[in-house]
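The values are calculated or read from the model by the stated rules, or taken from the named source; none is laboratory data. Predicted, not measured: the structure shown is a model, and the values here were computed from it. Here the Cβ positions follow ideal geometry from the backbone for every residue, glycine too, while neighbour counts run over all protein chains shown. All accessible areas refer to the heavy atoms of the entire protein, side chains included, with ligands and DNA or RNA removed. Shrake-Rupley method; radii C 1.70, N 1.55, O 1.52, S 1.80 Å.
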Amino acid sequence: MKKNQISILGSGLIGSLLSIYLKRRGLDVAMYEKRADNRKGPYREEGRSINMALSDRGWRALEKAGLKEKVTPLTIPMYGRMVHDEHGKTTFLPYGKENQAIYSISRGRFNQLLVDEAEKAGVHVFFDSKIEDVDLKNFQIQLSSTSTGEKETIQSEVIIGSDGAYSSLRNAMLKQMRFDYRQKYISHGYKELSIPPTKDGEFAMEPNALHIWPRGNFMLIALPNPDKSFTCTLFLPFEGDRVCFENINDERDVVGVFKTYFDDAYELMPELTKEYLANPTSSLINIECFPWMLKNALLIGDACHAMVPFYGQGMNSGFEDCFVLDEILEKYGTNSWELVFAKFQKVRKPNTDAICQLAMENFEEMKNDVADPKFILRKKIEAKLHQLYPKDWIPLYTMVTFSHIPYAEAYYQGKLQQKIMDRVMAHPLITQNWDKLDYEDIINQMDKARAV
């Protein structure tokens, strides 16, 4: 029977980065992936939206692994949201201060780079290897080849599940006593679409922004690609509303919805009906579980805290998992993996609970609030507060996206700020007098709230 020191299940973004971290600590690492090696041809993930948004937490993890310079050429900075109303008018809302950006990157090309770097570091990568079962009593992994059906059993000192929302390792943990697990599908699903480059080979819209068409209970977003196309994602309820996936069944339905609600985008999407009818409608899931570990086995990334994509932190939080785990290994070494994993779980669980909750809440903001003039005014006031009192008032989005403040602390501070801003925005003349506010008084209110 083959024996491994460390077996990582799943060669996605998180698993690949983690394998590099562990290999650089001199450990023997093998990584198993049920999919075929997609580096041998153009990457395609069955019509699923494949753009990610890299922000500070993700960059920090990549930099520590020595990968920042290799990843940067694959990215496009997005300095804010470009909000499109139903008449085609656009409003730009900066994400943070000048030059603060999140970075659009193709999941596929990014994953290929990380797997390449893992192999260069000496990680053993096995594709076409489906995990049939994980025996946590004997620490054995049962594999089958997706091409030949041949079965194999692997013995491993350490097993790490970075195999996503439908994790095989988590399924094995579910069979253990006192394992809490909760999954929730939201009412909306998503479908990938695209906007190609213009006939002149240029971007069809402003490339340095995340474009969003908020329409109350549904929305369209678009992120730029290095080939000057945009990857679009349509978020709709599955059923129950007039505009929902259940009610769009043919080309006429597709054209009707887009010409009515997203007309400026429709004019830029020559393959719309073909893509809409060919690409699958995918669901969105939130997962919570506890514990994340059992002896020398650990769940990481989406395997233990899959979240909906509306704060752009799924990948970034997974990369931060890798960064934090590596820090703990630096402190405690590898003599007791159970101790290391217990420390990791204790540090990360409150923070990933917080970002999962924030992602759920931000869905309402993206599809509804960003089109409200009062929401735009609220953001202006918060930006002014941050400018005047940079240490006393940090907007929630800035704490989450452009800092390394723990998610749980950001969530707590954000709730205090929300209560104070609700009072500020409730003033009947706020629209006319916002620039005459007593900003020092708002900060004093915040100090009092923290002291309670």
Pairing the Cα long axis of helix 251-261 with the longest principal axis of the chain, what angle in degrees results, from 0 to 90 and rounded to the nearest 10? 50
Label-zone membership for region 125-156, site D28, 7 angstrom Cα→C-beta point, backbone N under 12 Å: 155-156
Protein accessible area in the chain, 1.4 Å probe - carbon and sulfur %: 49
If you line up the long axis of helix 407-425 against the longest principal axis of the chain, both from Cα atoms, how many degrees apart are they, to the nearest 10? 10
Using only Cα atoms, tell me the angle between helix 337-367 and the longest principal axis of the chain; keep it within 0 to 90° and round to the nearest 10. 30
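Relative contact order for the chain: what is it in percent, counting Cα pairs under 8 Å that are at least 6 residues apart? Could the numbers behind the result be given before it?
Values: 823 pairs, mean separation 81.1, N = 452.
Rounded, it is 18 percent for the chain.
S162: net charge of surrounding residues, Cβ under 15 Å, Lys/Arg +1, Asp/Glu -1, itself excluded?
Numbers: positive: K23, K34, R35, R107, R170, R348; negative: E33, D163, D302, E320, D321, D326.
With Lys, Arg at +1 and Asp, Glu at -1, the neighbours total 0.
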Non-local Lys pairs in region 135-257, i.e. 8 or more apart or on different chains, that have alpha carbons under 21 Å apart: 5
The lysines whose Cα lies under 20 Å from the Cα of K380, excluding any fewer than 8 residues away in the same chain, are K89, K97, K367, K391, K415, K419, K436
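DSSP loop GluC sites (Glu not before Pro) in region 57-155 with at most 13 other Cβ atoms within 10 Å of their Cβ, which ones?
When the GluC sites (Glu not before Pro) of region 57-155 are filtered for loop state and at most 13 Cβ neighbours within 10 Å, E98, E150 remain.
In nm, what is the difference between 0.36 nm times the number of residues separating T260 and R423 and their Cα-Cα distance? Walk me through the intermediate numbers first.
Numbers: separation 163, 0.36 × 163 = 58.68 nm, distance 3.63 nm.
Contour length minus Cα-Cα distance gives 55.0 nm.
How do H188, H87 stack up against each other in accessible area, from largest to smallest, with a 1.4 angstrom probe?
Numbers: H188 5, H87 175 Å².
Ranking H188, H87 by accessible area, largest first, yields H87, H188.
How much mean residue ellipticity at 222 nm does the chain get from its helices, if each DSSP H run of length 4 or more adds -39500 (n - 2.57) and you divide by all residues, to the nearest 500 deg cm²/dmol? Intermediate values should be presented prior to the final figure.
Values: 16 runs with 180 residues, N = 452.
Taking each H run of at least 4 residues, the total per residue is -12000 deg cm²/dmol.
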Alpha carbon centroid spacing (whole Å) that separates region 197-225 from region 343-380: 22
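Report the chymotrypsin sites (Phe, Trp or Tyr not before Pro) located in region 213-247 that are in a DSSP loop and have at most 15 other Cβ atoms inside 10 Å of their Cβ, or state none.
On the way: sites: F218, F230, F235, F238, F245; in loops: F218, F238.
Sparse-neighbourhood loop chymotrypsin sites (Phe, Trp or Tyr not before Pro): F238.
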Heavy-atom accessible area of F92, protein chains in place, probe 1.4 angstrom, given in Å² to nearest 10, is 90
Cβ-based net charge around N217, under 11 Å, with every Lys or Arg adding one and every Asp or Glu removing one: +1
Stretch gain in nm, segment E251-K199, where the contour uses 0.36 nm per residue and the Cα spacing is subtracted: 16.3 nm
Per residue, how much accessible area does the chain show when a 1.4 Å probe rolls over the protein heavy atoms, in square angstrom? 46
Spatially proximal aspartates and glutamates relative to K259 (Cα-Cα < 15 Å; intrachain offsets below 8 disregarded): D85, E86, D250, E251, E267, E271
J(HN,Hα) series, region 131-138, from Karplus relation 6.51 cos²θ - 1.76 cosθ + 1.60, nearest Hz, glycine and proline x: 7, 7, 6, 10, 8, 7, 6, 10
Across region 280-293, in residue order, what do the Karplus-derived ³J(HN,Hα) couplings come to in whole Hz, using 6.51 cos²θ - 1.76 cosθ + 1.60 with θ = phi - 60° and x for Gly and Pro? x, 9, 10, 9, 10, 10, 10, 10, 10, 8, 6, x, 8, 9
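So what is the relative contact order of region 68-110, in percent, for Cα pairs below 8 Å that sit 6 or more residues apart? Walk me through the numbers before you get to the answer.
Details: 49 pairs, mean separation 19.6, N = 43.
Relative CO of region 68-110 lands at 46 percent.
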Just reorder R107, R178, R170 by solvent-accessible area, largest first, 1.4 Å probe, all chains present. R178, R107, R170
Whole-number percent relative contact order across region 1-109, with pairs defined as alpha carbons under 8 Å at least 6 apart: 25
Around L294, under 11 Å between beta carbons, what's the net of Lys plus Arg minus Asp minus Glu among the other residues? +4
